[in-house]
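Quick note: the coordinates plus some simple rules give every number you see, no bench work behind them. It should be emphasised that the depicted structure is a prediction, and the values quoted were computed from it without experimental measurement. Using ideal geometry, Cβ is built from the backbone for each residue, glycine included, and neighbour counts are taken over all protein chains shown.
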Amino acid sequence: MTRHNQRGSLIIEVLVSISMAVIFSLAIGSLVGVNNRLTTVARHDARGLSLAKESMEQVFAAKQQSWASISGLGDGKYTIIEQDNLFQLQPDVSPTGEEFADGFFRTVEVKTAYRGADGQLGLSGEPDPNVRRLVVTVTWLERGANRDVQLEGFITNWKGN
Amino acid sequence: MFKPTNNQRGVTLMELLIYLGISSVVVLTMMTLMANVSKQRLQRIQQNTAQQAARVAVDKMTYSIRNAYRVDISADGKTLDIYSTNFADLTKPIVTTYSELDNQLYTGQSLETPPQPENLQPATPPGVILEQLSFREISSAVQVSLRCRNGARNAEISSTISFRQL
């Protein structure tokens, strides 16, 4: 087909096509950015959860070794330290919890466990000296906002020692 | 429909050269992109394999350690013997061993005493290299730290596993 139109493109047509190309590129770029951010958030979430589980496991290990190391503790916040091949809980005085991995802070709370009239463990009833409530919170900063993961469980003196 | 054209001029050498230049840039870009995608895919597969091998190894160990009443760790921290109660015969405990041999994880089980090295079986898949393995006993727990490599990628897991003790 012969084309007789020799006018070329108007400057406005060129500008419109350039701006459309810029908008498309920016949209795709921001999509990649959002994807990267979500991947980082998911990675930090997984790390926070694994650190919290690890901390629960450390308190369980201390309890299995000796119930006395837990039963003597009053309600409050503690840090877990390794001493003489043993996990030991020491009072935590820092307001934010202890930083125990790059940028991740941990709070270990030991609380009284109560046994209701039906014999079930819960938040009310008679204090049970052979059970303690354990709450582990791991917090970290994600783009200026606090994120946290909290695990809760009961530790029992099932061995009766 | 296609209309016959009266333009018999063909293309000039310059037009042909420009076309060739542009098309080679496009083809080169596409080829680089394809090569990168294929390289990333291979690395992702290697990463997944290494991660899966490390996770399976730690899961197996967790299963064995949970019910232990005693663990023995060799001086170099690379062999773990796990003693658990054998309810069929309380005098003969079940002993499960995990050990590193030639950059592979080996495991085996026997009664009363740890299994002989020749009775151990590989616990990491072929092609996966166990780069690092260490066991440490703290309180009533075993701290396992291992790193598996597959090709250019590796995966590291460090885990504390508590056991019941006597």
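Brief remarks on what is shown
- With K and R counted +1 and D and E -1, the other residues having a Cβ less than 12 Å from that of A:ASN157 yield a net charge of +2.
- When the square roots of the Cα gyration tensor eigenvalues are ordered a ≥ b ≥ c, the ratio a/c for chain B is 1.5 or more and a/b exceeds b/c, which makes its shape prolate.
- Label point distance in nm, B:MET34-A:SER30, each placed 7 Å from Cα along Cα→Cβ: 3.4 nm
- Across segment A:11-156, Cα pairs under 8 Å and at least six residues apart give a relative contact order of 19 percent.
- In summary, the lysines within cross-link reach of B:LYS60, defined as a Cα separation below 21 angstrom excluding same-chain residues under 8 places away, comprise A:LYS53, B:LYS78.
- For chain A, taking Cα atoms only, Rg and Dmax work out to 28.3, 100 Å respectively.
- Crossing angle, helix B:13-66 versus chain B [Cα axis fit, 0-90 degrees, rounded to tens]: 10 degrees
- Chain A - mean residue ellipticity at 222 nm from DSSP helices (-39,500 (n - 2.57) per run, n ≥ 4, rounded to 500): -13000 deg cm²/dmol
- Angle in degrees between helix A:11-65 and the longest Cα principal axis of chain A, rounded to the nearest 10: 10 degrees
- Pairwise label distance in nanometres, A:SER9 with A:LEU121, each label 7 Å out on the Cα-Cβ vector: 7.1 nm
- Counting only chymotrypsin sites (Phe, Trp or Tyr not before Pro) that DSSP places in a loop and that have at most 15 other Cβ atoms within 10 Å, the longest clean stretch of chain B runs over B:3-86.
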